[in-house]
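> One structure, pasted below without further comment.
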Amino acid sequence: MFEASDINPLLSHPVRLLKFSLLFSLFFFSCEDNLVIVPDHSTEEVFALKVNESKMLRDNKLTIGFQSVVDDSRCPVDALCFWTGIAQIRLWLLKPGMDSIFVDSQISGYVLQGDTCCHSSRDTVGYRITLLQLDPYPHIDSIMQFSSYQALLKTVRL
């Protein structure tokens, strides 16, 4: 009859076996897939949506709707703030043969379409959706009506 010590001295002691198993597991499961998703820029679309508007993309495979403004705590133009604040919107997405899904997207402070370093993107249902700009920007002396907002969005198929 063979014993574990006959096969490998490392496995002869239960503590060594446990350590070996843990190290092997850490090494094996810590390897990540370095999968890089490259967007198909030929499918890129930039468009504006107002609250309660929707748009079907050119490829007819996705409809995006601007459901609501969840929050807008961006620092008003004529105020001095200690942080830029964040605005958050909710979009709905509809693909043929699927139920609608809802995606929240946010934008920090005073971000315009050209401020590429500050845009937030969401990858979902085979598309990258980027909130480029959200208007109107808050002012100290005005009350914002969420129904008056317009989001500038960019989509690209992944």
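> For segment 133-158, how many residues are within 20 Å of Trp83 (Cα to Cα) and in contact (Cβ under 8 Å) with a residue 12 or more places away in the chain?
So the answer is 10.
> Here are the criteria: (1) in contact (Cβ under 8 Å) with a residue 40 or more places away in the chain; (2) under 18 Å from Arg58 (Cβ atoms). Tell me which single one Thr130 does not satisfy.
The failed condition is (1).
> May I pose another question? Suppose the filter is of a type in the set (S, T, N, Q), in a loop (DSSP other than H, G, I, E, B) and modelled with pLDDT under 90; does Asn34 pass it?
On the way: of a type in the set (S, T, N, Q): yes; in a loop (DSSP other than H, G, I, E, B): yes; modelled with pLDDT under 90: yes.
So Asn34 passes the test.
> When the residues of segment 46-87 are narrowed to those that are modelled with pLDDT under 95, within 21 Å of the chain's Cα centre (by Cα) and not hydrophobic (A, V, I, L, M, F, W, C), which ends up farthest from Tyr137 (Cα to Cα)?
Out of the qualifying residues, it is Lys61.
> Now for a separate question. For segment 80-123, which positions are out of contact with any Ser or Thr (no Cβ under 7 Å at 6 or more places or on another chain) and of a type in the set (Lys, Arg)?
Lys95, the sole residue that qualifies.
> Select from segment 62-84 the residues that are of a type outside the set (Phe, Trp, Tyr) and under 14 Å from Gln133 (Cα atoms) and list them in ascending order.
Matches in segment 62-84: Val69, Asp72, Arg74.
The values are calculated or read from the model by the stated rules, or taken from the named source; none is laboratory data. What you are looking at is a predicted structure, and each value in this text was computed from that prediction instead of being measured. No Cβ is skipped: glycine too gets one built from the backbone with ideal geometry, and neighbour counts run over all protein chains shown.
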